[in-house]
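Each remark here refers to the structure printed beneath this line.
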Amino acid sequence: MSKQFIRGYIAPEMARFRQPQQENAMPRSLILASSSPYRRQLLQQLGLTFTSASPHINEGAQPGETPSALARRLASEKARALSDQFPNALIIGSDQVAELDGQAQGKPGNLHNAQAQLSACSGKRVTFHTGVSVLDTASGTQRTEVEPFTVLFRKLSQSQILNYLQREQPFDCAGSFKVEGLGITLFEKMEGSDYNSLIGLPLIRLISLLQEFGVSPLEGN
């Protein structure tokens with residue numbers, strides 16, 4: 001499987017983190033198990049050196065699986081999918097599932113699906129469940145959490161929806177919008193602890209998880 005490397009970051013063999021208070025411990029790489037440019041950009045904000053690689057898993061929901069449970073499972077499976085490839089690393093997996101009226105909403109993929117999705121969301125609350133998981137492949141220890149974030153959509157006309165979609169084309173985004181761009185105009189209210197989770201990676205929750213594994217952006221490790 002080919003790896004995707006971050007421009008401006010040092011080579012993966014240099015991307016190392018030491019376990020706290022263990023001078024003889026072997027260094028660990030930090031891996032982002034994602035091909036999403038949005039997640040890469042978010043993780044770059046923490047100033048950590050990392051490598052990104054694409055996991056290959058079946059992202060279909062299991063029978064009776066709730067959107068929150070689906071986000072948790074996929075985040076965990078994405079991290080584990082790269083464990084053989086990176087045997088001494090901290091691997092970050094993440095996945096997002098939108099929930100409307102109790103049903104999971106996926107990425108639209110095209111204009112027609114996106115138009116239907118935003119039409120269904122108009123005037124309603126939609127909750128985005130973003131799973132984030134950190135796996136230490138050396139020890140097998142893994143921690144996974146789900147960060148919910150809810151948005152109340154404005155009542156949108158078909159012309160507003162179509163105009164937005166033609167201008168921003170968010171067809172690879174869950175919920176059919178890019179909140180970091182013009183998508184913010186679609187909302188009347190936002191409810192949650194971490195705005196970044198809407199983009200695809202809940203940084204506040206991720207920082208807490210990384211600290212459990214001895215990685216702290218503020219301490220330079």
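Per residue, what accessible area does the chain have, given a 1.4 Å probe and all protein chains present, in Å²? Write down the numbers at each step before the final one.
Details: 10760 Å² over 221 residues.
Value for the chain: 49 Å² per residue.
Quickly estimate the mean residue ellipticity at 222 nm for the chain, helices only: each DSSP H run with n ≥ 4 gives -39500 (n - 2.57), and the total goes over all residues, rounded to 500.
-8000 deg cm²/dmol
Using 7 Å Cα-to-Cβ label points, what is the GLU59/THR150 separation (nm, one decimal)?
Output for this residue pair reads 2.6 nm.
Computing the accessible area with a 1.4 Å probe over protein heavy atoms, can you report the carbon and sulfur percentage for region 120-221? All intermediate terms of the calculation are to be shown ahead of the outcome.
On the way: 2110 of 4480 Å².
Using a 1.4 Å probe with all protein chains present, region 120-221 comes out at 47 percent carbon and sulfur.
Over the Cα atoms of the chain, compute the convex hull volume and normalise it per residue, giving Å³.
About 124 Å³ per residue, rounded to a whole number.
How high is the FRET efficiency from SER139 to GLN169, r the C-beta distance, R0 25 Å, rounded to 0.05?
For SER139 and GLN169, the calculated efficiency is 0.05.
At R0 = 30 Å, how high is the FRET efficiency between ALA120 and SER216 if r is their beta carbon distance? Nearest 0.05 is fine.
Efficiency at R0 = 30 Å is approximately 0.10.
At 7 Å along the Cα-to-beta-carbon direction for both GLN85 and GLU188, put a label point, then send me their distance in nm to one decimal.
4.4 nm
How far is the Cα center of region 164-221 from the Cα center of region 52-125, in Å?
14 Å
The values are calculated or read from the model by the stated rules, or taken from the named source; none is laboratory data. As the structure is a prediction and not an experimental result, all values here were calculated from the model. Here the Cβ is made from the backbone with ideal geometry for all residues, glycine too, and neighbour counts use every protein chain on show. With ligands, DNA and RNA removed, areas are computed over all heavy atoms of the protein, side chains included. Shrake-Rupley method; radii C 1.70, N 1.55, O 1.52, S 1.80 Å.
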